Amino acid sequence: MTDSPLSARKILLIVGGGIAAYKALELVRLIRKAGGEVRALLTPAGAEFVTPLSLASLTGHPVRQTLFMPDDETTMGHIELSRWADLVVVAPATAGLIAKAANGMADDLASTTLLATDKRVLLAPAMNVRMWLHPAVHANVERLKGFEGDHGMAVVGPDDGEMACGEFGPGRMAEPAAILDAIIETLRGPADRPLAGKRAVVTAGPTFEAIDPVRGLTNRSSGKQGYAIAAALAALGCEVTLVSGPTALATPNGVKRIDVEGALEMQAATEAALPADVAVLSAAVADWRVDTIAGGKIKKGPGGPPTLSLIENPDILAGIAAPGPRRPALVIGFAAETTDLEANARSKLSRKGCDWIVGNDVSADVFGSDGNTVLLVTAGATESWPRQSKAEIARALALRIADHLSKA
């Protein structure tokens with residue numbers, strides 16, 4: 001499995017107490033499928049939800065449960081485990097485990113191991129929404145993230161959703177696939193993070209311009225390409241703010257997401273995300289909006305359909321690309337065209353004042369699909385990229401961005 005993303009990597013998984021502990025079993029399977037080796041440490045509370053036998057069967061190793069192992073008095077379990085691993089993952093990371101780690105408490109195997117480790121730690125918080133929103137929990141999480149050097153802990157999640165207790169909101173543990181992505185990202189070395197220290201703002205998805213409380217003007221953009229670009233930039237170490245119109249997509253790991261609806265909101269959120277080193281404006285912003293939004297639903301009447309008076313939306317791309325102290329070093333726009341792709345993309349490059357344009361022909365099956373065919377248009381050249389997945393296009397674009405910024 002030499003080509004696997006976690007080949008020869010050693011992961012110590014600390015399973016805390018909570019209903020989300022069942023997801024740890026799937027996480028073990030995914031880590032091993034990705035080429036990693038897993039050993040598990042199960043807290044007493046965690047053992048109320050998953051069994052040591054289940055974890056041992058999936059990891060292929062005995063499961064540690066107590067600080068003192070009567071069957072092996074010659075080893076110090078917390079030291080051995082903390083030195084063995086390349087990365088320590090706590091999933092679920094309960095409020096109690098987070099509090100102990102943040103305050104240097106070491107009174108059981110899990111907390112002692114976390115204090116003794118000299119390796120990176122990734123937390124996947126999971127708790128009731130009220131607990132997660134408590135300022136003490138947030139203070140502890142921020143403290144752990146802010147520890148100097150490799151003592152600073154990474155965090156994945158939590159997600160919004162329905163709780164086992166019936167409440168709804170943030171606090172659900174991130175899904176195993178998202179935790180796996182975070183594991184891979186956390187283990188990347190400097191050579192894998194050429195955009196470390198750089199900031200990006202990415203816009204994605206459609207905008208929705210209300211006509212009345214029910215209807216609106218929008219378009220068929222799914223947001224998939226923009227979300228893939230945000231994920232690819234984050235994977236290269238970039239600090240990414242994603243300004244998203246209405247979509248059903250999950251927030252990429254390591255990306256800060258701001259949800260907006262109309263073009264005016266998107267403009268304000270994008271400008272507020274500056275300064276940035278690069279702006280990738282892939283959102284399909286509506287060109288027009290109604291000048292007056294009806295206060296109630298517009299009803300059918302004998303006079304026929306209503307006449308809508310439209311006004312232009314702001315040109316977000318041209319505004320961000322305009323010269324000024326807050327202009328990003330690299331501004332990239334998108335051109336979705338149905339005819340004359342190259343000519344229209346190059347014309348847009350000139351009109352908007354941006355540095356690059358990614359042009360794509362949307363006359364076929366691009367909207368909502370996972371594949372795309374694009375042109376990269378710059379001042380001096382036009383490159384035709386073959387049809388490939390939107391994730392592959394995003395990865396290629398992110399690498400091109402990294403190369404450009406390294407030479408700037």
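Give, as a single signed number, the net charge of other residues whose beta carbon lies under 15 Å from the beta carbon of ALA21, with Lys and Arg counted +1 and Asp and Glu -1. Charge balance in the 15 Å sphere: 0. Does the chain classify as rounded, prolate or oblate by the C-alpha gyration tensor (a ≥ b ≥ c root eigenvalues; a/c under 1.5 gives rounded; else a/b over b/c gives prolate, otherwise oblate)? Taking the square roots of the gyration eigenvalues as a ≥ b ≥ c, the chain is prolate. Label region 10-187 by shape, choosing from rounded, prolate and oblate, from the square roots a ≥ b ≥ c of the eigenvalues of the Cα gyration tensor; if a/c is under 1.5 it is rounded, and otherwise prolate applies when a/b is larger than b/c, oblate when it is not. Rounded, because the longest to shortest axis ratio a/c is under 1.5. In a simple Cβ point-charge model (Lys, Arg +1; Asp, Glu -1; nothing else charged), the chain has a dipole of about 380 debye relative to its Cα centre.
Comparing ALA174, ALA294, ALA204 in a Gaussian network model of the chain (Cα springs below 10 Å), the most mobile by mean-square fluctuation is ALA294.
Note on TYR22 and SER389: their simple-model spin labels are 2.9 nm apart, each label 7 Å out from Cα toward Cβ. Within the chain, the longest segment free of exposed loop sites, counting chymotrypsin sites (Phe, Trp or Tyr not before Pro) that fall outside DSSP classes H, G, I, E and B and have at most 13 other Cβ atoms within 10 Å, spans 148-408. Applying the criteria of a DSSP loop state and at most 16 other Cβ atoms within 10 Å to the GluC sites (Glu not before Pro) of region 156-232 yields GLU167. What net charge do the residues around PRO306 carry, taking every other residue with its C-beta under 12 Å from that of PRO306, with Lys and Arg at +1 and Asp and Glu at -1? Within the 12 Å Cβ shell, the charges total +3. With contacts taken as Cα pairs under 8 Å and at least 6 residues apart, region 236-323 reaches a relative contact order of 25 percent. Charge dipole of region 155-279 (Cα centre as origin; +1 on each Lys and Arg Cβ, -1 on each Asp and Glu Cβ, all else neutral): 420 debye, rounded to the nearest 20.
Taking other residues whose beta carbon is less than 10 angstrom from the beta carbon of ASP277, and scoring Lys, Arg as +1 and Asp, Glu as -1, yields +1.
Of all beta bridges that DSSP places with both ends in region 192-407, some 35 percent have antiparallel geometry. Each of LEU115 and LEU67 was given a label point 7 Å from its Cα along the Cα-to-Cβ line. The distance between the two points is 0.8 nm. Ordering GLY205, GLY169, LEU187 by the projection of their Cα atoms onto the charge dipole of region 150-227, which places +1 on the Cβ of Lys and Arg and -1 on the Cβ of Asp and Glu, puts GLY205 at the extreme positive end. Working from label points 7 Å from Cα in the Cα-to-Cβ sense, the THR338 to LEU264 distance is 2.9 nm. In whole angstrom, note down how far apart the Cα centers of region 276-296 and region 172-240 are. The two parts, judged by their Cα centres, are 19 Å apart. Put in line by how crowded their Cβ is, counting other Cβ atoms within 10 Å and starting with the fewest, ARG29, ARG199 read ARG29, ARG199. In a DSSP loop and with at most 15 other Cβ atoms within 10 Å, the GluC sites (Glu not before Pro) in region 72-148 are GLU73, GLU148. Antiparallel beta bridges, as assigned by DSSP with both residues in region 239-313, represent about 40 percent of the total such bridges. Computed on region 10-187, with alpha-carbon pairs under 8 angstrom and 6+ residues apart, the relative contact order is 22 percent. Please label the shape of region 339-408 as rounded, prolate or oblate, based on the square roots a ≥ b ≥ c of the eigenvalues of the alpha-carbon gyration tensor (a/c under 1.5 means rounded; beyond that, a/b larger than b/c means prolate, else oblate). Verdict is oblate for region 339-408. Ordering THR117, THR43 from the fewest to the most neighbouring beta carbons within 10 Å gives THR117, THR43.
If I take every Cα pair under 8 Å that is 6 or more residues apart in the chain, average their sequence separation and divide by the length, what percent do I get for the relative contact order?
10
Ordered by the count of other Cβ atoms within 10 Å of each Cβ, fewest first, MET131, MET173, MET163 give MET131, MET163, MET173.
Loop-located trypsin sites (Lys or Arg not before Pro) across region 257-315 with a Cβ neighbour count of 16 or fewer within 10 Å are LYS297, LYS299, LYS300, with loop assigned by DSSP.
Values in this text are rule-based calculations from the coordinates and carry no lab data. Because the structure is a prediction, the values reported are computed rather than measured. Cβ sites come from the backbone with ideal geometry, for glycine too, and all protein chains shown count toward neighbours.
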